[in-house]
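Just so it is clear, none of the values below were taken in a lab; they were calculated from the coordinates. Keep in mind that this is a model prediction, so the values were computed, not measured. Note that each Cβ is placed from the backbone with ideal geometry, even for glycine, and that neighbours are counted across all protein chains shown.
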Amino acid sequence: MTQRINLMSAVGAPYRVWAQMARIAMDSQMVIGYRVAGMMGMMAQSPGEPFRMVAEKQAAASESMFAVAQAASRGASADRMMSAALRPYGKRTRANSRRLTSRG
């Protein structure tokens, strides 16, 4: 019987955080490209997109700070705290990338 191994649990904590950051970086490139194209009038953009760009960063920052504080209060390791801090940003960049690429 073969057992399926989760890559992230197999390679270790530093690589888990690295993978999170790499995913955020890739999704961010897509989001920035689509938003710049929308601001330049090269593609359709919803009227609320510029406001969304600012508001989502404020919300992600506060969620991130709360997540780090919560992880620290539970005695989490540094890599788990970093992962908790990145999660709100990753969630938003992934959602934005999906939303913008499906419209493009």
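Picking from residues in the stretch 92-104 that are in contact (Cβ under 8 Å) with a residue 24 or more places away in the chain and in a helix (DSSP H, G or I), the one that is farthest from S64 (Cα to Cα) is R103.
Count of the stretch 50-104 residues, restricted to those that are more than 14 Å from the chain's Cα centre (by Cα), crowded, with 16+ Cβ neighbours inside 10 Å and within 26 Å of G33 (Cβ to Cβ), is 1.
Can you report the number of residues in the stretch 13-47 which are outside any helix (DSSP H, G or I) and touching a residue at least 12 places away in the same chain (Cβ under 8 Å)? Steps first, please.
Here is the first cut: in the stretch 13-47, the residues outside any helix (DSSP H, G or I) are 40-47.
Then keep just the ones that are touching a residue at least 12 places away in the same chain (Cβ under 8 Å); that gives 43-44.
Residues that pass the stated criteria total 2.
Scanning the stretch 62-88 for residues that are part of a helix (DSSP H, G or I) and either within 18 Å of R23 (Cα to Cα) or touching a residue at least 24 places away in the same chain (Cβ under 8 Å) (or both) yields E63, S64, D79, R80, M81, M82, S83, A84, A85, L86, R87, P88.
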